[in-house]
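Q: Below is the structure I would like to discuss, written out as structure tokens.
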Ligand SMILES: *Cc1c(COP(=O)(O)O)cnc(C)c1O
């Protein structure tokens, strides 16, 4: 039933819409019996939609010769999907040893990877230098550490950058705002303005500047202002060093996604236009450009689908008990105002319900009261055995599983149009109960000694 994913080249973009494809995917999930008692919840990535998003970004920069688009791995830690980005000519932005290993096994070449963790260990930095992986230094302590490492290596150096916090302020969601005055990310531009240009121009091995003014809830003009400041700093460094020392500018990601409808607004073209307007120097040929989008490249391509196990009425309100809750929609459950999701109701044969709207609660399976996907939400009256779809969940939802109640990571399927036919693939198997048990540690407390740090240090 499930084959391996076709390569992007043989795969035509179909004439259907994001919504029509999603609705047919839910019907197929119903008809193929993909939701069972052992896996009553799954995810689906529509590869046609993913390809459309990839194409939209590539087209927005089609006239820019030196651009490397990377996908932010944390948005979608699914290997076949990362591999699709690699096959489409993308690079990958990573921020941990796990993400880096995923990127390498998904087929990204080291020179197309950018490492951005704020807490890189010495071994991680050495590994990046050994493989030729670009990285962005987060703070002055790290800068001094890299000072020593670059003198020790005889290999050609990758693009080594500095992450700048433009300190342009917060967007609509505090926890997602990376460019505030006191954000934990990067070196504060206004804190260190003159010192920074000097620190950088004194280190010819720094060839890249980076800013990621994230994320969801940030206005385009806000992101663009950050990039403008970054280009000004790059120009300043190059003036001081009397040559083109900074060769690449990494503008980060952070394009907001519209979770209210199937429209992709703002678009990648809108984002590029905002950058062009605020920082024309970015496009005058002086600099190569790196982008690092996550959510905007992936959200619209994914849907969570759950079976409704039971319905009941409590305090007069209808409640549907489902299998999708805090384990798969963590941010939505904990911060419903910041991360609302649409809900669509389907009968068990896959037909979308269009009956009059009734205020209902939709609950997840976890054992705490707040595990709700929706409260007093107007929806067609839900019945046991129905399916509920959560659109726009392709970014972060499948990569940020929360193991509360030891609830399993759901399976994720892929669907793509090949020769006018919708074909299904397995992207990730569901976590099994056996895996949950074996990841929970050894069966009993053993007396085996812990590794002896003193002895290990003495031996090395
Ligand atoms: C998370 C992250 C991104 C991607 O952000 P999106 O809002 O998903 O586009 C890009 N760069 C860095 C450094 C990040 O931490």
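Every number here is computed from the coordinates shown, using simple stated rules; none is lab data. Everything quoted here is computed from the prediction, not taken from an experiment. As a convention, Cβ positions derive from the backbone with ideal geometry for all residues, glycine included, and neighbour counts pool all protein chains shown.
Q: Any chance you could run the full-extension gain for residue 338 through residue 56? It's 0.36 nm times the residue separation minus the Cα-Cα distance, nm to one decimal.
A: 98.9 nm
Q: Another one. Residues of the range 311-326 with amide nitrogen under 15 Å from the 7 Å Cα-to-Cβ point of residue 381?
A: It comes to 311-314, 316-320, nothing else.
Q: Using 0.36 nm per residue of separation minus the Cα-Cα distance, give me the extension gain between residue 265 and residue 141 in nm, one decimal.
A: Gain in length upon complete extension: 40.7 nm.
Q: Give the calculated FRET efficiency between residue 192 and residue 277 to the nearest 0.05, with a Förster radius of 45 Å applied to their Cβ-Cβ distance.
A: Computed FRET efficiency for residue 192 and residue 277 comes out at 0.95.
Q: If you rank 444, 180, 17 by fewest surrounding Cβ atoms within 10 Å, what's the result?
A: 444, 17, 180
Q: What is the distance, in nm, between label points placed 7 Å from the Cα along the Cα-to-Cβ direction at residue 37 and at residue 353?
A: Placing both labels 7 Å beyond Cα along the Cβ direction yields 2.4 nm.
Q: Can you grab the distance from the C-alpha centre of the range 325-351 to the C-alpha centre of the range 128-207, Å, no decimals?
A: Taking the Cα centre of the range 128-207 as reference, the centre of the range 325-351 is 37 Å away.
Q: Next question. In deg cm²/dmol and to the nearest 500, what is the mean residue ellipticity at 222 nm of the chain if only DSSP H runs of at least 4 residues count, each as -39500 (n - 2.57), divided by the residue total?
A: -8500 deg cm²/dmol
Q: Using only Cα atoms, tell me the angle between helix 268-278 and the longest principal axis of the chain; keep it within 0 to 90° and round to the nearest 10.
A: 30 degrees
Q: Label residue 150 and residue 447 with points 7 Å out from Cα along Cα→Cβ: what is the distance between them in nm?
A: Label-label distance for residue 150 and residue 447, simple model: 5.4 nm.
Q: Next up: What is the chain's relative contact order, in percent, from Cα pairs under 8 angstrom and six or more apart in sequence?
A: 19 percent
Q: Okay, next question. Considering only DSSP beta bridges where both residues belong to the chain, give the percentage that are antiparallel (nearest 5).
A: 45 percent
Q: Output the 0 to 90 degree angle, nearest 10, between the alpha-carbon long axis of helix 220-241 and the longest principal axis computed from the alpha carbons of the chain.
A: Value to nearest ten degrees: 20.
Q: Something else about it: Using Cβ contacts closer than 10 Å as the measure, can you line up 244, 74 from fewest to most?
A: 244, 74
Q: Would you mind giving the three semi-axes, in whole Å and largest first, of the ellipsoid equivalent to the chain according to its Cα gyration tensor?
A: 41, 27, 22
Q: Relative to the longest principal Cα axis of the chain, at what angle does helix 18-31 sit, 0 to 90 degrees, rounded to 10?
A: Roughly 50 degrees, rounded to the nearest 10.
Q: Moving on. Neighbour counts of other C-beta atoms within 10 Å: give me 293, 425 arranged from fewest to most.
A: Listed from fewest to most nearby Cβ atoms, that is 425, 293.
Q: If you don't mind, there's one more thing I want to ask. Could you give the nm distance between label points at residue 123 and residue 239, where each point is 7 Å from its Cα heading toward the beta carbon?
A: 4.5 nm
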